[in-house]
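Here the structure is laid out as structure tokens; the discussion comes afterwards.
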Amino acid sequence: MFFPEGQIRVFVYGQPVSMRLSYDGLYALAKHTMHENPLSGHLFAFINQRANQIKVLYFDRSGWCVWAKRLERGRLLSDWSTVSTREMDWTGLKLLLEGIEPKRVRRRYQKTARMAQNMSTNADA
């Protein structure tokens, strides 16, 4: 399981998946629903409805591999409505496997019109 991190592509399926699916079922989802080539060696991640289990499928030139992880507590995702089928980077997958969901970073401080006006009058003085 040693991948050069810059070359690996990770695809996350954006809908809940039954964890009863094995190699063939996950292969079919990757090929026909995600429209990707599962034989490419890229990683395909699938998460269950309760978001406490994940399976990752990949092909390593000698056969199929499936990794599975079940969290004892917590969830991999906070809300299914924000999830879509997409490509993510290797670091994002590692965070997801640890139960850390990357979110959009918001600025804690925003300039208001009044602050901008004060700044311009101070600069003029």
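Are there chymotrypsin sites (Phe, Trp or Tyr not before Pro) in segment 1-92 that DSSP puts in a loop and that have at most 13 other Cβ atoms within 10 Å, and which ones? List each step's numbers first, then the result.
Details: sites: 2, 11, 13, 23, 27, 44, 46, 58, 59, 64, 67, 80, 90; in loops: 2, 13.
Here the chymotrypsin sites (Phe, Trp or Tyr not before Pro) that fit, given the DSSP loop and packing criteria, are 2.
Across segment 10-104, Cα pairs under 8 Å and at least six residues apart give a relative contact order of 31 percent. Taking the Cα centre of segment 10-104 as reference, the dipole from Cβ charges on Lys and Arg (+1) and Asp and Glu (-1) amounts to some 240 debye.
The DSSP beta bridges internal to segment 10-104 are antiparallel in roughly 80% of cases. Remark: segment 40-45, residue by residue, has Karplus-estimated 3J(HN,Hα) of 6, x, 6, 9, 10, 9 Hz, where x stands for each Gly or Pro and the curve is 6.51 cos²θ - 1.76 cosθ + 1.60 at θ = phi - 60°.
Note on segment 10-104: dipole from Cβ charges, positive end direction compared against 37, 21, 65; the farthest Cα belongs to 21. 3J(HN,Hα) along segment 7-18, derived from phi through the Karplus expression 6.51 cos²θ - 1.76 cosθ + 1.60 where θ = phi - 60°, amounts to 9, 7, 10, 10, 10, 10, 7, x, 10, x, 10, 5 Hz, with x in place of Gly and Pro. Applied to segment 66-81, the Karplus parametrisation 6.51 cos²θ - 1.76 cosθ + 1.60 on θ = phi - 60° returns per-residue 3J(HN,Hα) values of 10, 9, 10, 9, 10, 6, 6, 9, x, 9, 6, 10, 8, 8, 5, 5 Hz, with x for Gly and Pro.
No lab work stands behind these numbers, since they all come straight from the coordinates. Everything quoted here is computed from the prediction, not taken from an experiment. FYI the Cβ positions are ideal-geometry reconstructions off the backbone, even for glycines, and counts take in every protein chain you see.
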